[in-house]
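The values are calculated or read from the model by the stated rules, or taken from the named source; none is laboratory data. Everything quoted here is computed from the prediction, not taken from an experiment. Positions of Cβ are backbone-derived with ideal geometry, glycine not excepted, and every protein chain shown enters the neighbour counts.
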Amino acid sequence: MTTLLALDTATEACSVALLHDGEVLSHYEVAPRLHAQRLLPMIQQLLVEGGVNLPSVDAIAFGRGPGAFTGVRIAIGVVQGLAFALDKPVLPISNLAVLAQRALREHGAQQVAAAIDARMDEVYWGCYRAELGEMRLQGAEAVLAPEQAQLPRGSSGGWFAAGTGWGTYGSRIALAPVASDPGMLPHALDLLALAGFAWQRGEALPADQAQPVYLRDNVATPKQSV
């Protein structure tokens, strides 16, 4: 049986989840600015509860962004440290996709317009549609002004609005969702579900490819070595 560990610190929420012997465990708490202190103890507690030793984990999934720069970096630092030490692969998962997957799990939403507050008067934006239980990206993810947010070309039917981008900028997004959860944050439970699909497709990567996706090119571009 596959054993997967998932963790996310890209937003105000800090969460971890574990799949082992077909059973799922998770811990979730909203803890702004406490992710660095809380993450490793949460992982350890989860492994103890699941009766799992770290070396028996097959792969480690993580929220690769977009989200808060510091939060994303915390997750990647922990993931790389664990994955290198254990010689295990990683599964990077979009935080917008995780939002959409949570909307599917909690609200049964089949089409989700996910938006995370990106500060700087912008939102991280992505539209997803459920396919065989997995929320899949329609079009491309982007960081943009709320007024520029659009549904995928040729889309139809009702869309569910999920995420803090709707909470902060909903009045400026020119779409009328059929329902919404503007306070929704990514949850490692849904990250784990998406990681399961990715694992089955053979999408695991070496640890050194655990890289952030900020969507802002000027932030994501690494400095050139001198």
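Below, the figures for the structure above:
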| quantity | calculated |
| --- | --- |
| Flag for L185 being aliphatic (A, V, I, L, M), part of a loop (DSSP other than H, G, I, E, B) and touching a Ser or Thr at 6+ places or on another chain (Cβ under 7 Å) | yes |
| Matching option when the condition is on the phi < 0 side of the Ramachandran plot, at pLDDT 95 or above and touching a helix residue (DSSP H, G or I) at 6+ places or on another chain (Cβ under 9 Å), among G165, G158 | G165 |
| Condition met for G165 (crowded, with 18+ Cβ neighbours inside 10 Å and in a helix (DSSP H, G or I)) | yes |
